[in-house]
């Protein structure tokens, strides 16, 4: 069953606000057996919303609108939906009384303008809002379901889960979207696809999508299945892809790289400390995002200046003068130094030129070194990353975590 989502609100068409409701709704609709084939953001225009709704009713079985149900003049979803459906709007006395009681319990007088939230489209079923003042509506129109939800995420989620999901359970087709995910580090998007294409081309019934983000690649395998169907082909394809990708696959469980690294540190009983120059705390922040990371993460040092590299991590000044702060020698010295200072099993360091200035022909913008040291080994990795300052720092953080994962693996190698 096809579904589409329409997010209403002129503020969503500005750089300041992001439509997060659609992400939540996509997940829930998919889990309920719908195929979300279209998402739209529209401003607070009755004509624009009406035009979108008329088209949506022709192409989708389920249409979910969120936003525009508030009490103010720019909340126009009700009026637009009524025009698209050619239905009237009237005040529902039960909804109005419930609104008055809600305000009375809070000890706040209800403004006249709030009465608009009791206006209901003819034939609509009320979707009670347990956490706000704007109720939603469920409307059936020529075999399609039109669902109007409030815009604030907390209210939208509450109405959807308490009022809409139970209805979906009764109406669902039973078909579900099954997905398997492979997360890869150390290969480019094109390298991943060249390795797995000969495999997935043998499974035309499974949709394979290769996605790139922040230095990692994800491969999504998904297909719809009926209750009486198994998923052996999905499992088989996933296993075959893992075989051709080898240990470049760092998880098949939708984990982040820092979670996998944390699990390896826990399993090995080792601890970690980091010394950061160009990332200035991003690496430590990623590692400590994992709940329970204090069991293995001792902490980090932000040593941006040469003096801080000397004073906090014990980097010999002659190394800095002879090789420069962005060098293999300094990266390794930082790793050894922070390991010693933090009394950790492993020291991890990053130093580089994030730009936009500071580069040279010998050391261009984007040049990064990652250093690693434990009781027996000290090594480094050199990379040149493209992109702006933020991108270089983000890719450096991912590269350092990926290098640490390799460092923690038996018989590690630098890919």
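The table below lists the values:
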item: Qualifying positions in segment 1-21 - assigned to a helix (DSSP H, G or I) and without any contact (Cβ under 8 Å) to a residue 40 or more places away in the chain; result: 11, 13
item: Any hit, segment 383-401, residues being farther than 20 Å from residue 213 by Cα and either surrounded by 21 or more Cβ atoms within 10 Å (Cβ to Cβ) or over 27 Å from the mean Cα position of the chain (by Cα) (or both); result: no
item: Hey, residue 29 assigned by TED's automatic domain parsing to the domain that holds residue 140, in contact with a strand residue (DSSP E or B) (Cβ under 8 Å, 6 or more places away or on another chain) and either farther than 19 Å from residue 134 by Cβ or surrounded by fewer than 16 Cβ atoms within 10 Å (Cβ to Cβ) (or both) or not; result: yes
item: Criterion violated by residue 33 - all others in (1) out of contact with any helix residue (DSSP H, G or I) (no Cβ under 6 Å at 6 or more places or on another chain); (2) assigned to a helix (DSSP H, G or I) satisfied; result: (2)
item: Evaluation of residue 223 against (1) part of a strand (DSSP E or B); (2) farther than 30 Å from residue 387 by Cα; (3) modelled with pLDDT of 95 or more (one fails), failing number; result: (3)
item: Checking residue 341 against (1) within 20 Å of residue 394 (Cβ to Cβ); (2) in contact (Cβ under 8 Å) with a residue 40 or more places away in the chain; (3) surrounded by fewer than 20 Cβ atoms within 10 Å (Cβ to Cβ), the condition it does not meet; result: (1)
item: Members of segment 300-325 that are touching a strand residue (DSSP E or B) at 6+ places or on another chain (Cβ under 6 Å) and either surrounded by fewer than 21 Cβ atoms within 10 Å (Cβ to Cβ) or not assigned by TED's automatic domain parsing to the domain that holds residue 347 (or both); result: 302, 312
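The values are calculated or read from the model by the stated rules, or taken from the named source; none is laboratory data. Treat the numbers as computed from the prediction; the structure is a model and nothing was measured. Glycine also receives a Cβ, built like all others from the backbone with ideal geometry; neighbour counts cover every protein chain displayed.
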